[in-house]
Structure formats: C-alpha cells, structure tokens
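K.L.:
Handing you a structure now.
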Amino acid sequence: MNICFGCMERFDEPHTVCPKCGAAVGTGSEPCLLRPGFVLKDRYISGRLLARNATTLEYIGFDRKTEKKVEIRELFPRNAIREGEAKVKPLDEKGFEDLKKAFLEQGQKNKTLRSSGVAETIDSFAENGTIYTVVERLEGLTLTERLGDAKNGTVSFGIAVSEMVKVLHILEGAHEQGFIHGSLTPDKIYEQDAKIRISAPQAADPRDLALVKSGYAGEEICEGKAIGAWTDVYAVGAIFYRAICGAAPDAPAGRLLEDNLKSPAQVGVTIPKNADNAIMNAINRREKRTKTASEFIRQLENESTKRVGVLISLSLSLKLKLATSCAVLLLACLAAFLLLRPQNVSSSFEVPSYAATQGVEVVPNIRNKTIREAQDEISKTSLVLSSQDYGNQLEVYRVTTQNPKAGSVVPPGTEVSIEAKIGSNMSMVPGLVGKTTEEATLDLENLGLVARTFEVYSEHPKNTVSSQNNQDVWIRKGEEIYLYISKGPEFADMPSLIGMTLEEATALLETLDLFAESTGSESYAPAYEDGVVVSHEPAEGQKAKTGSVVSVVVNTRGDPIPLPDFVSMTENEAKDALLLLPLQVTFTYQEGSGQPGIVLSQSVAPGEMVLPYSSLTVVVSRAAPTPSPVPTATPRPPAQPTQPPRQSTPTPSPVPTPVPTPTNVPTPTPIQLRPGIPNTPTPIQIRPGTEAPPEDTPEPPQEAPTEEVTPEPPVYTEPPVYTDPTATPAPPFVPIDPVVPTDEPETPIDLPSEAPPETSEAPPEATEPPDETEIGI
C-alpha cells in the first residue's frame, strides 16, 4: 500500500507523481517541520504542511484506526526549534510550559463540543515534548475557493445571507456551549455534502500577523485583549462583506483614526437597508459592535435595524495620539513575530540595534508594566528578565521596582531583576452565574467593574445570569464584564388548556412567556361547559416558541332558537325537521298509546327558546307486542301392567363371561312388541341338533322410567342370514307386523349366550360365537 503525503490518498501501485493531487512522491520538507510519514501515538501519520501561525503548525494526516483523513495541529511557537526528527525545544521553557498546559486543556475541551456544523476534535495528547491536537479533516470546497471561482469574486446578497445565517447558527450553538472559534476566515468555511461546516475552534493569538492583517480579526485580537462571541461576530461580518463586495474590510488598526469604510450599499451592492446596517454593526468597533450571533441574525431579519454610530471625524491631536498608538501596536506585533520565529528557519527580516553593535545594551523602563508587557520589552534586547513564578496571572502583576534602573547601559545578557505585585487597580472577577441581574450588577459595582447585560435564551431561570465572559481572572477596574441574562427557555412545553376559561388559560400561558388568543370561531363540545377552551394550537405536549401566540377555541352555543311542535308528527317527519336544528335529540318509545309511529310528546314545550345543542327527548308511540301462544302438554297414557314371570323352578343362571364381539357380526336390534301382546319371552329358533335354552328363565325386573320420554319409531332392519352348507336348511324367515310406538319404554330382549347350560361354580371359558347363528322369532 502506497500513500501520498500531499493528499493522504492510498494506491496499490507505486507512483512518482500522485494521480490525485499531482504532488511528487518523496518530496522533503523544511527542517522545522515533522517528516512526512512520521507516526504519532502509533496511530496518526503526518503529511504535508497545511498552515502555520504564531503557535501551531497544521499538517494533513491519516488516522490508521478509522482509516480517515485528519488534520494534525502541533504546538510549535516561533521561538522553538526542532531537535532530531521530532523533538520540540523552546527557547523560553517557562512560557512554553504554560502554553502547553493551555493548548492541551483547549484540545481536551474541544473534544466535548457537540455540533454537527463544527469539525470534530478527535484527540489531544502530549508527545515529542509538545502537544498535538487531531481534528476531523473537512473535504469539499472552501468559501475562498468558491469565491475565487465566482464571477468578479463575489456572490449575490441572497446566496451570501443564506450561507452566513447558517454559519451564525453553528456559532450560536458553539457559543452556548462555551466555545469561541477566534480565527474564522473564508478558508475555514466548507461546503460539504450540500451542508455548511466550519473548522474546529482554535483560540486567536495576537502574534499571528497573518490573522491580524487578514481583515477578519477585530481590534481585540490586535491589542491582545479578551476575545468572545463578539470576536466571531466580527469575523462573520467581515466574511459577509468580502463575499458581496469583493474585498475584506480594512483592518481595525487602520480604522482607529477615521472610519471611512464604505458600506456594501455604498459600494454598489443591491442589499436591503437593514442588512446593510447589520453587516456594518457587526464589523464596528468593539464597544459598539453586535455582541452575539443570535443578535446578528435578528438584525438581518428585522426591517427596522439601524446603524450604530461610528467615528467620522477626529481632532488633529486625537488623530496624532491614535496614530502613535497604532504605530506602536504594529511595531510590537512585528517585533514579536521576529523574536518568536523558529530559530532554524531563514528569514529576510532583520532588526538592527545600534546599542548591540556597540557591545552594550540600554535597560528599558518596565516599571508599572504588567509581567507580560515587561517580558515583551526585555525580549527586544539581549537582556534577561529574572525568572519568577507568577502562574498564569502575567497580565495581573505589575512591576514595582527594577534593577538595573531604566536607562542604565549594561553589557549584553545582563539580568534585570524585578519585584511585582498585583496592582490596586485590579479586581478578581467572581462567578455570577445563577444570580439575578440586580445581584450580579451590584457585586461588580462593589469591585469597581461595569456590568453590561445581554438577554439570551437559556435553561436558567428567567432574569438570572446564564453565562459571563470572564470568571476568576484579574482585570483592571472600570473594565466591562458581559453578563448574559436568561430570558428562559426558547421553547416551552405546551400544557393542556382544555376545560379552562379564557382568563385561566391566559394566566397559565403568561407564566411560560406565551400569549393566548381566541380564534373567534364558534364551536361546541357537548362534554364541556359553555365558555371554556375545547382545543388549542400548539396542542398539549408540543413545543411553543417563547413569546409566541397560542390560538385557542372557546366552547360557545350561539343564540337561543324557538322549539317547533313535533307532537302528532310521524317519527320520520320529526327526524327530518330536527336535521336542521343544532339540538341533542333522544327518541324514546311508548307501547300501546295511539297509532304506532306518531310523536306523543316532547320534553320541552313547543315555542320555548332553547340554546343550540340543548338536550331534547321525543316520545313516539309503538304497537303493543303480540302475545306468544302457550304450548299445551300432551297427556300421558296409562302405563301397561308388567307381566309377572311364570312360576317355575328357578334354574341358577351361569355367571356371564365377556365375549369379544366379532367385527363381522351385527348387533341385534331390540324389538318393540305391539300393544296387547303379552310381554313373554320370545322363543329362539336355533339350528337342529343344538339344545335350546331353558324356557323358565325369569325375565329381569324392569325399572319404571324416571321421566317421560317420547320414543322414536324404530326402523326395522332385516337380520343377516347365515348359510351352513353342511347343516339342514332352516325354515324361511317370517317378518312380524310393523311395531306401533307406545308410551312404554322399549324392553330389550336379552339373548342368552350359546354356551351349554352347565351349572358350575367356575365361569366357563370364553368361546367364539358360532359363525352361522340365525336369529328368528
């Protein structure tokens, strides 16, 4: 597998020139850069240099774990050198340690940012004596590339405002999470998969001359002051200006004397007046600039947006003072750039020093300066400032004494010792989140600080501080502290208003910063009383934007109406008449009263005035039901006397033995005797040679039926005839007369077994029945 370190594309076959980006394979790099192909954390492969600023070097990279392209940011200040292949060694060890700590903390914090519009921060770690941050590599065209391809290098206002509002929404979400980009420029805005995305946040550094001169940085970056959401607002306003005007606005340092910057409308851009004012307000001086992304969006949408005042003309003396300040500021930035650049990188800039050429140094005056300012002054010479630990409060402590004194001529490399303390004009900014506006303002006044408030939507209670721009830091008295006052959540969960009066619903919505408004439409819900809410939009459980109007529908019946006379109408006539009336009608029926289907009465008298949807009961006549005939019971005939058994010498009956019934022998059907025929045993005809059973076998007693049962007429079935070729032919079978059903229960004929009539105590063995037995009567 071959990889191009110019674009990080992989190829199976080796190439001398990358077919993707055209870079020559094996091209080297500057000595101060990481070698292309160097692996960090056994995971990230470094490639070509993408950009550099005052503190970092940015490379294209490849993540071997996810197999995706990334960007690698290496902490490498301009006063550092590289030892060996990767080791970073600064000239100022103490300052570099503070910078490493801040860089690592910023990278770890960026990993917690959750925004689909901002490139993800993947990793942040220490290696090679410095800190690395790995961020998502955004593909697609940058805004710089798209503007370069556009006609005249500009786009229409409609296209620009659409994209800039998207950028502002992304920044608004990042700001709410406490993230400031700080260095937004057109080449950090991407169009990827038809979506707008921006690079990962990176705090601005005043030593980054490229950023200072770009026209997209506010004066707070040039002056090294605190940055915040207003810094990103300036950048978006400047990018907006560039996109529609063709050039970025003049740098703020050049506008300190007199702000003659023409607005887009003055340049000739077709743009609404409010949008023209909104853009100029966004790139205004810090104290008059639009402070938040959401405020910028509102100004772009609000037709009544006005231009905030700017410097138009200044006195000559003030111009000279400001000119001197600007010159000093630019010289300080240039000196910082030269002194903090990498020592092993050649540069065409040299700063001559007359004292240095004579082998001596003149000690500068650093009294009353902050430690940071003293370090900057001493760094312009070959002198050394005594090393003391002031933590990260270099802007707080002020020099009270110095040795040697200012103006002393000393050899190069002489140490200048100082004493410093926190100035009496400094105050520590406390944490104010959660306090009311009045409490936070009073606390700041007691510290000699000024509170400046801005209303924002947040989850904090209304009229309390949701965030602030500085906390637990020392700043000069008289400085402004920005307090963001909560207006409550931007969206409220709608409660149920159904069943409330309009006054009750209005009072409840006011607690949620919502407003009730009746639609005026008439509606009636029978389950609710007159004058209460029966529906509303948004409905219960939906989201309603704070400050918006909730439409409610109130239950109303309308004016009373006269009730017609329905008595003597037919039921259908009454129903047809009621179709045109808004009434709740119930029909009931009364049996045996007048002609069926005629209205007998109504619950409300005819002509009476009733409210719409009132209840009405109509009584209709209905014929009485026809009585059902009562069934007559059939008399039961007298029971036939039971024939007593004949008197004979009883013969003990053998104990019956279960005989398996052959499957091919049908079961005999019991025969019902005709009335009048004695119920005597029927002789059974058997084959000749077979002994007949005894005639005096008594009939078993018959039990009387417990309930009346109507027997079904039996169906006569002719019994099967069996033929024995060796036996004498049997007499022909003579059928009996049809059986007449009677009320007597059928008496089955018990056929004795054909076993021999032997009297024995032991039961006979089971025998198979004869195959040719013939049963007759």
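The values are calculated or read from the model by the stated rules, or taken from the named source; none is laboratory data. Note that the coordinates shown come from a computational prediction; the quantities given were computed from them, not determined experimentally. Cβ sites come from the backbone with ideal geometry, for glycine too, and all protein chains shown count toward neighbours. SASA here: full protein model, heavy atoms, side chains in, ligands and nucleic acids out. Shrake-Rupley method; radii C 1.70, N 1.55, O 1.52, S 1.80 Å.
K.L.:
I'd like the residue in segment 364-392 that is among the small types (Gly, Ala, Ser), at pLDDT below 85 and more than 23 Å from Lys225 (Cα to Cα) and, out of all such residues, is surrounded by the fewest Cβ atoms within 10 Å (Cβ to Cβ).
P.N.:
Filtering segment 364-392 for residues that are among the small types (Gly, Ala, Ser), at pLDDT below 85 and more than 23 Å from Lys225 (Cα to Cα), the one surrounded by the fewest Cβ atoms within 10 Å (Cβ to Cβ) comes out as Ser387.
K.L.:
Looking only at segment 173-195, count how many residues are in contact with a Ser or Thr (Cβ under 9 Å, 6 or more places away or on another chain), over 17 Å from Gly218 (Cβ atoms) and open to solvent by less than 50 Å² (accessible area, probe 1.4 Å).
P.N.:
Number of matching residues: 6.
K.L.:
Would segment 487-494 turn up any residue that is touching a strand residue (DSSP E or B) at 6+ places or on another chain (Cβ under 7 Å), open to solvent by 60 Å² or more (accessible area, probe 1.4 Å), at pLDDT 85 or above and of a type in the set (A, V, I, L, M)?
P.N.:
Taking every residue of segment 487-494 in turn, none turns out to be touching a strand residue (DSSP E or B) at 6+ places or on another chain (Cβ under 7 Å), open to solvent by 60 Å² or more (accessible area, probe 1.4 Å), at pLDDT 85 or above and of a type in the set (A, V, I, L, M).
K.L.:
For Glu97, indicate whether it is surrounded by fewer than 19 Cβ atoms within 10 Å (Cβ to Cβ), more than 43 Å from the chain's Cα centre (by Cα) and not in a strand (DSSP E or B). First the steps, then the outcome.
P.N.:
On the way: surrounded by fewer than 19 Cβ atoms within 10 Å (Cβ to Cβ): yes; more than 43 Å from the chain's Cα centre (by Cα): no; not in a strand (DSSP E or B): yes.
Here the answer is no, as Glu97 does not meet what is asked.
K.L.:
Please state which one of Gly594, Gly547 is within 30 Å of Ala492 (Cα to Cα), without any contact (Cβ under 8 Å) to a residue 40 or more places away in the chain, surrounded by fewer than 16 Cβ atoms within 10 Å (Cβ to Cβ) and not acidic (Asp, Glu). First the steps, then the outcome.
P.N.:
Numbers: Gly594 fails: within 30 Å of Ala492 (Cα to Cα).
When all the criteria are applied, what remains is Gly547.
K.L.:
Filtering segment 64-75 down to residues that are touching an Asp or Glu at 6+ places or on another chain (Cβ under 9 Å) and part of a strand (DSSP E or B), which residue is surrounded by the fewest Cβ atoms within 10 Å (Cβ to Cβ)? Don't jump to the end; show me each part of the working.
P.N.:
Quick first cut of segment 64-75, residues touching an Asp or Glu at 6+ places or on another chain (Cβ under 9 Å) only: 64, 68-74.
Checking which are part of a strand (DSSP E or B) leaves us with 68-74.
Working: Lys68: 13, Lys69: 17, Val70: 24, Glu71: 21, Ile72: 27, Arg73: 25, Glu74: 24.
The selected residue is Lys68.
K.L.:
Which one of these does Glu145 not meet: (1) free of Cβ contacts under 8 Å to residues at least 60 places away in the same chain; (2) open to solvent by 50 Å² or more (accessible area, probe 1.4 Å); (3) part of a loop (DSSP other than H, G, I, E, B)?
P.N.:
Glu145 satisfies all of (1) free of Cβ contacts under 8 Å to residues at least 60 places away in the same chain; (2) open to solvent by 50 Å² or more (accessible area, probe 1.4 Å); (3) part of a loop (DSSP other than H, G, I, E, B) except (3).
K.L.:
Assess whether Phe103 counts as being free of Cβ contacts under 8 Å to residues at least 40 places away in the same chain, of a type in the set (Phe, Trp, Tyr) and either outside any strand (DSSP E or B) or surrounded by fewer than 16 Cβ atoms within 10 Å (Cβ to Cβ) (or both). Even if it seems obvious, please write down each step before you answer.
P.N.:
Values: free of Cβ contacts under 8 Å to residues at least 40 places away in the same chain: no; of a type in the set (Phe, Trp, Tyr): yes; either outside any strand (DSSP E or B) or surrounded by fewer than 16 Cβ atoms within 10 Å (Cβ to Cβ) (or both): yes.
Here the answer is no, as Phe103 does not meet what is asked.
K.L.:
Further question on the same structure: Taking into account only those residues within segment 606-627 that are assigned to a loop (DSSP other than H, G, I, E, B) and at pLDDT 85 or above, which is farthest from Ile561 (Cα to Cα)? Show your work before the answer.
P.N.:
First, pick out the residues of segment 606-627 that are assigned to a loop (DSSP other than H, G, I, E, B): 606-608, 611-614, 623-627.
Those still in the list that are at pLDDT 85 or above too: 606-608.
Working: Pro606: 11, Gly607: 9, Glu608: 8 Å.
The extreme case among them is Pro606.
K.L.:
Pick from segment 550-569 the residues that are open to solvent by less than 50 Å² (accessible area, probe 1.4 Å) and polar (S, T, N, Q): which of them is farthest from Ser603 (Cα to Cα)?
P.N.:
Selected residue: Ser551.
K.L.:
Hey, another quick one. Just a yes or no: is a residue in segment 83-92 surrounded by fewer than 21 Cβ atoms within 10 Å (Cβ to Cβ), free of Cβ contacts under 8 Å to residues at least 24 places away in the same chain and either in contact with a Leu (Cβ under 9 Å, 6 or more places away or on another chain) or not in a strand (DSSP E or B) (or both)?
P.N.:
Of all residues in segment 83-92, those surrounded by fewer than 21 Cβ atoms within 10 Å (Cβ to Cβ) come to 83-87, 89, 91-92.
From what is left, the residues that are free of Cβ contacts under 8 Å to residues at least 24 places away in the same chain are 83-84, 92.
Of the ones still in play, those that are also either in contact with a Leu (Cβ under 9 Å, 6 or more places away or on another chain) or not in a strand (DSSP E or B) (or both) are 84, 92.
Among the residues of segment 83-92, at least one is surrounded by fewer than 21 Cβ atoms within 10 Å (Cβ to Cβ), free of Cβ contacts under 8 Å to residues at least 24 places away in the same chain and either in contact with a Leu (Cβ under 9 Å, 6 or more places away or on another chain) or not in a strand (DSSP E or B) (or both), which makes the answer yes.
K.L.:
Another question about this same structure. Is at least one residue of segment 411-430 within 35 Å of the chain's Cα centre (by Cα), small (Gly, Ala, Ser) and buried (at least 20 other Cβ atoms within 10 Å of the Cβ)?
P.N.:
Just the residues of segment 411-430 that are within 35 Å of the chain's Cα centre (by Cα), to begin with: none.
Within segment 411-430, not a single residue is within 35 Å of the chain's Cα centre (by Cα), small (Gly, Ala, Ser) and buried (at least 20 other Cβ atoms within 10 Å of the Cβ).
K.L.:
Related question: What residue, of Ser124, Ser156, is surrounded by 14 or more Cβ atoms within 10 Å (Cβ to Cβ), farther than 30 Å from Glu395 by Cβ and among the hydroxyl-bearing types (Ser, Thr, Tyr)?
P.N.:
On the way: Ser124 fails: farther than 30 Å from Glu395 by Cβ.
Result of the check over Ser124, Ser156: Ser156.
K.L.:
Identify all residues within segment 87-120 that are within 30 Å of Gly140 (Cβ to Cβ) and of a type in the set (A, V, I, L, M, F, W, C); write none if there are none. I'd like the intermediate steps shown before the answer.
P.N.:
Keep residues of segment 87-120 that are within 30 Å of Gly140 (Cβ to Cβ), which gives 103-104, 106-120.
Of everything in segment 87-120, those that are within 30 Å of Gly140 (Cβ to Cβ) and of a type in the set (A, V, I, L, M, F, W, C) turn out to be Phe103, Leu104, Leu113, Val118, Ala119.
K.L.:
Another one. Out of (1) under 24 Å from Leu104 (Cα atoms); (2) buried (at least 22 other Cβ atoms within 10 Å of the Cβ); (3) of a type in the set (Val, Ile, Thr), what's the single condition that is false for Val167?
P.N.:
So the condition that Val167 fails would be (1).
K.L.:
Test Arg114 against the criterion of being within 29 Å of the chain's Cα centre (by Cα) and loosely packed, with under 14 Cβ neighbours inside 10 Å, and give yes or no.
P.N.:
On the way: within 29 Å of the chain's Cα centre (by Cα): yes; loosely packed, with under 14 Cβ neighbours inside 10 Å: yes.
In short, yes.
K.L.:
Arg78 passes all but one of (1) of a type outside the set (Val, Ile, Thr); (2) outside any loop (DSSP other than H, G, I, E, B); (3) touching a residue at least 40 places away in the same chain (Cβ under 8 Å); which number fails?
P.N.:
Looking at each condition in turn, Arg78 falls short on (2).
K.L.:
With the requirement that a residue be of a type in the set (Gly, Ala, Ser) and surrounded by fewer than 19 Cβ atoms within 10 Å (Cβ to Cβ), what does segment 275-311 give you?
P.N.:
Step one: filter segment 275-311 for residues of a type in the set (Gly, Ala, Ser), giving 275, 278, 282, 293-294, 304, 309.
Ser304, Gly309 - these are the residues of segment 275-311 that are of a type in the set (Gly, Ala, Ser) and surrounded by fewer than 19 Cβ atoms within 10 Å (Cβ to Cβ).
K.L.:
Next up: Report, by residue number, each residue of segment 34-61 that is in a strand (DSSP E or B) and under 21 Å from Ala102 (Cα atoms).
P.N.:
Keep residues of segment 34-61 that are in a strand (DSSP E or B), which gives 39-40, 44-52, 56-61.
Within segment 34-61, Leu40, Ala51, Arg52, Thr56, Leu57, Glu58, Tyr59 qualify.
K.L.:
Working only within segment 556-580, note down all residues that are assigned to a loop (DSSP other than H, G, I, E, B) and of a type outside the set (A, V, I, L, M).
P.N.:
As a first pass, look at segment 556-580 and keep what is assigned to a loop (DSSP other than H, G, I, E, B): 556-560, 563-569, 579-580.
Once the filter is applied, which keeps residues that are assigned to a loop (DSSP other than H, G, I, E, B) and of a type outside the set (A, V, I, L, M), segment 556-580 yields Thr556, Arg557, Gly558, Asp559, Pro560, Pro564, Asp565, Phe566, Ser568.
K.L.:
Could you run through segment 16-42 and say how many residues are surrounded by 13 or more Cβ atoms within 10 Å (Cβ to Cβ) and modelled with pLDDT under 70?
P.N.:
Number satisfying all stated conditions: 2.
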